Amino acid sequence: MRTVRLILRFSVYIGIFLYELVKANFQVARAVLSPGLRFRSAALRYKSRTRTIPELMVLTNSITLTPGTLVMDADMESGEILIHVMSAESADKVRDDIYESLEKRMLWAMRGEKE
């Protein structure tokens, strides 16, 4: 029964991730096609709340697959991730967006916990 719940939660996460993927595609397309739009790329450190290697792996792959972001390094022991973002108005806003849109939901899918 535990496996079935994990599969169902992870299926929900896949749906949420696909929504975030489509949304990011439109944001990147708008940025590329807008002639006067300037954006500031940045590399920032993100301290994840992951506890296991599979959780960190799913999170880093989700971030990398999202257009406009790229994981450059991940420390398995501390859970710290170095991320390059195409457009960073504020590092804190980027960190909050990653947590709210991906990590919180991924942790729910993998652990079944709500924060």
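When we screen Met76, Met72, Met106 for residues that are in contact with a Phe, Trp or Tyr (Cβ under 8 Å, 6 or more places away or on another chain) and not polar (S, T, N, Q), the only hit is Met106.
Residues in segment 42-67 that are under 20 Å from Tyr13 (Cα atoms) and of a type in the set (Gly, Ala, Ser) were compared, and the one that is farthest from the chain's Cα centre (by Cα) is Ser48.
From the list Met72, Met86, Met76, the lone residue that is more than 11 Å from the chain's Cα centre (by Cα), more than 15 Å from Met106 (Cβ to Cβ), at pLDDT 95 or above and not charged (D, E, K, R) is Met72. Checking Val22, Val4 one by one, the residue that is part of a helix (DSSP H, G or I) and within 16 Å of Arg111 (Cβ to Cβ) is Val4 and no other.
In this structure, is Arg51 basic (Lys, Arg) and either surrounded by 12 or more Cβ atoms within 10 Å (Cβ to Cβ) or in contact (Cβ under 8 Å) with a residue 40 or more places away in the chain (or both)? Yes, satisfied.
Of all residues in segment 30-79, those satisfying the criterion of being out of contact with any strand residue (DSSP E or B) (no Cβ under 9 Å at 6 or more places or on another chain) and aliphatic (A, V, I, L, M) are Ala31, Val32, Leu33, Leu37, Ile53, Val58, Leu65, Met76. Summed over segment 1-26, the residues that are in contact (Cβ under 8 Å) with a residue 24 or more places away in the chain, farther than 19 Å from Val58 by Cα and more than 15 Å from the chain's Cα centre (by Cα) give a count of 0. Among the residues of segment 95-115, those that are surrounded by 15 or more Cβ atoms within 10 Å (Cβ to Cβ) and either hydroxyl-bearing (Ser, Thr, Tyr) or in contact (Cβ under 8 Å) with a residue 60 or more places away in the chain (or both) comprise Tyr99, Ser101, Leu102, Arg105, Met106, Trp108, Ala109, Met110. Within segment 1-53, the set of residues being in contact with a Ser or Thr (Cβ under 6 Å, 6 or more places away or on another chain) and charged (D, E, K, R) comprises just one member, Glu20.
For the condition of a type in the set (Asp, Glu), surrounded by fewer than 17 Cβ atoms within 10 Å (Cβ to Cβ), closer than 21 Å to Arg105 by Cβ and free of Cβ contacts under 8 Å to residues at least 40 places away in the same chain, Asp92 qualifies.
The values are calculated or read from the model by the stated rules, or taken from the named source; none is laboratory data. Note that the structure is a prediction, hence the values are computed from the model and not measured. Glycine gets a Cβ as well: all are built from the backbone with ideal geometry, and neighbour counts include every protein chain shown.
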